[in-house]
Amino acid sequence: MKTAVIDIGSNSVRYALYSHTTQLAQKELNSTVLADGLFFSGRLNESAIARTVDAIAAYCEKATANGAQTIYAFATEAVRAAQNGKEFVQAVFNRTGIEVDVLDGATEAKIGFMGAAPDTRMPTALFDMGGASCEIVCGQNGEIGFSHSMPIGCVRLRDGAQKHPDVANRLIEEVFPPSVPAADVLVGIGGTATALGAMFACPIRYNPNIVHGTAVSDAFCHAVARDFFLGANLRQAYPCLTPARANVIGYGALAALRVMQAFGKTTFTVSERDNMEGYLLYKNVL
């Protein structure tokens with residue numbers, strides 16, 4: 001029994017194929033930047049919708065060609081926040097016949113924790129910085145004790161801050177929780193965390209086997225943010241970055257720094273297991 005899952009994020013669409021116990025295909029992504037312009041208009045623009053629907057349709061075709069009996073697709077903050085989110089969901093259904101599951105913030109946080117830290121015995125904090133939102137989840141032994149979803153993400157910060165780091169930091173601070181629980185371990189998942197992990201550990205070419213488990217330091221995040229806002233060519237310095245990710249990674253570095261500061265940590269550990277595995281656990285597939 002093969003199952004495909006498509007994660008429709010605010011910055012990228014991702015795909016993977018699984019059996020009931022094993023990931024069969026390496027995760028792929030297409031950076032369609034669905035949240036482009038959402039900060040200003042509150043709507044998904046037509047070109048972002050079109051390229052995202054194209055990416056989803058291509059992954060559905062690939063899943064079918066590779067023997068998937070079931071295809072799940074879920075969407076997060078960009079779709080749930082947009083005034084025309086239902087129109088996007090309908091466009092996907094019209095093109096593919098797939099009903100997109102639009103997750104609320106609490107469920108998005110839950111599946112991220114389930115995927116990355118399903119049975120950790122230590123108090124663990126997890127953050128997932130996407131294109132339109134950032135989730136912070138804390139828990140232990142599979143039980144979530146704290147969850148907070150913030151309407152910020154790399155693309156939203158890019159649109160709102162316009163390359164001004166002080167504005168980006170203010171936007172982050174405005175929605176950051178006043179306090180967080182103590183945690184022994186800090187884990188980062190999603191595009192920002194894995195991109196920073198790749199920049200640190202395998203800057204030439206992205207390798208998920210190297211990225212998984214990489215500890216990214218606050219000093220490295222400071223350096224990335226500094227170079228980004230000084231206008232450095234990060235694609236040239238770090239070929240592992242996609243063009244879309246290179247355009248927003250400085251904002252992700254600032255958010256990661258704020259999360260590390262909140263938990264009193266100087267590093268976070270990258271997990272390649274994330275909300276895709278968590279969604280299938282949530283659906284009792286894995």
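Observations on the structure shown:
- Test: residue in the range 252-264 that is modelled with pLDDT of 95 or more, in a loop (DSSP other than H, G, I, E, B) and either crowded, with 21+ Cβ neighbours inside 10 Å or not polar (S, T, N, Q) (or both): yes
- Residue check: Arg245 meets all listed conditions (1) open to solvent by 40 Å² or more (accessible area, probe 1.4 Å); (2) touching a Gly at 6+ places or on another chain (Cβ under 8 Å) but one, namely (1).
- Residues satisfying the stated conditions in the range 82-105, i.e. open to solvent by less than 70 Å² (accessible area, probe 1.4 Å) and part of a helix (DSSP H, G or I): Gly85, Phe88, Val89, Ala91, Val92, Thr96, Gly105
- Just one of the listed residues (Ala63, Ala68) is crowded, with 20+ Cβ neighbours inside 10 Å, more than 20 Å from the chain's Cα centre (by Cα) and part of a loop (DSSP other than H, G, I, E, B), and it is Ala68.
- Hits in the range 216-242 (condition: open to solvent by less than 60 Å² (accessible area, probe 1.4 Å), under 16 Å from Leu257 (Cβ atoms) and in a helix (DSSP H, G or I)): Asp218, Phe220, Cys221, Ala223, Val224, Ala225, Asp227, Phe228, Phe229
- Residue list for the range 11-58, restricted to those being small (Gly, Ala, Ser) and either closer than 20 Å to Ile98 by Cα or open to solvent by 30 Å² or more (accessible area, probe 1.4 Å) (or both): Ser12, Ala16, Ser19, Ser31, Ser41, Ser47, Ala48, Ala50, Ala55, Ala57, Ala58
- Checking Val155 against (1) in contact with a Gly (Cβ under 7 Å, 6 or more places away or on another chain); (2) open to solvent by 30 Å² or more (accessible area, probe 1.4 Å); (3) of a type in the set (A, V, I, L, M, F, W, C), the condition it does not meet: (2)
- Which listed residue, of Ala198, Ala193, Ala168, Ala182, is in contact (Cβ under 8 Å) with a residue 24 or more places away in the chain and part of a loop (DSSP other than H, G, I, E, B): Ala182
The values are calculated or read from the model by the stated rules, or taken from the named source; none is laboratory data. Predicted model only: the values in this text are computed from it and were never measured. Using ideal geometry, Cβ is built from the backbone for each residue, glycine included, and neighbour counts are taken over all protein chains shown. Accessible surface is based on the protein model in full, side chains and every heavy atom, while ligands, DNA and RNA are left aside. Shrake-Rupley method; radii C 1.70, N 1.55, O 1.52, S 1.80 Å.
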